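The values are calculated or read from the model by the stated rules, or taken from the named source; none is laboratory data. Please read these numbers as outputs of a predicted model, since none were measured by experiment. Reconstructed Cβ throughout: ideal geometry from the backbone, glycine too, with neighbour counts over all protein chains shown.
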């Protein structure tokens, strides 16, 4: 049995395609192995007469997630803001604070502040916020305000001991 010329051309093309396909290989895309950002500050304020329920999570890369009762948004903080936040926490001696500062007497309408920073969590109520923590809370409230998730600023009345 003889192979005719007309049969050789398709057979030759098939062999050529298979040979080239093996030479092409696959392109391996580089994998980006950057670590995800870690949480620098997790701040939650609740209560008050208006029934506030705000949360602010600041990541070490400057991204901040802000959520209120009905809205949430993401903002970017600049390195100056991140540095100021770290200075405020260091000046407040946050690592030395107790874990809980409850109000000395039960009262409705008090704000509760829960702040986590570098693995430590402190909870304080309006009438018993340590003086060293007042500036930290005011700065975090300012960031929430600047994100525009609430219609009016919640005053910092009652933060002093």
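Quick notes on this structure:
- Residues that are touching a helix residue (DSSP H, G or I) at 6+ places or on another chain (Cβ under 6 Å), surrounded by 12 or more Cβ atoms within 10 Å (Cβ to Cβ) and at pLDDT 95 or above are absent from segment 103-110 altogether.
- When residues of segment 113-129 are limited to those that are touching a strand residue (DSSP E or B) at 6+ places or on another chain (Cβ under 6 Å) and crowded, with 18+ Cβ neighbours inside 10 Å, the one farthest from residue 48 (Cα to Cα): 117
- Screening residue 115 on (1) over 18 Å from residue 82 (Cα atoms); (2) at pLDDT 90 or above; (3) in contact with a helix residue (DSSP H, G or I) (Cβ under 8 Å, 6 or more places away or on another chain) shows it passes everything except condition (1).
- Matching residues, segment 87-120, being free of Cβ contacts under 8 Å to residues at least 24 places away in the same chain and closer than 18 Å to residue 140 by Cβ: 87, 90, 119
- If you check 57, 87, 63 for being under 16 Å from the mean Cα position of the chain (by Cα) and surrounded by fewer than 15 Cβ atoms within 10 Å (Cβ to Cβ), only one passes: 63.
- Of the residues making up segment 119-145, those that are out of contact with any helix residue (DSSP H, G or I) (no Cβ under 6 Å at 6 or more places or on another chain) and part of a helix (DSSP H, G or I) number 15.
- Applying the criterion of at least 1 residues that are modelled with pLDDT under 95 and on the phi > 0 side of the Ramachandran plot to the strands (runs of 3 or more DSSP E) found wholly in segment 1-82 leaves 39-47.
- Matching residues in segment 68-84 - criterion: being surrounded by fewer than 11 Cβ atoms within 10 Å (Cβ to Cβ) and touching a strand residue (DSSP E or B) at 6+ places or on another chain (Cβ under 8 Å): 76
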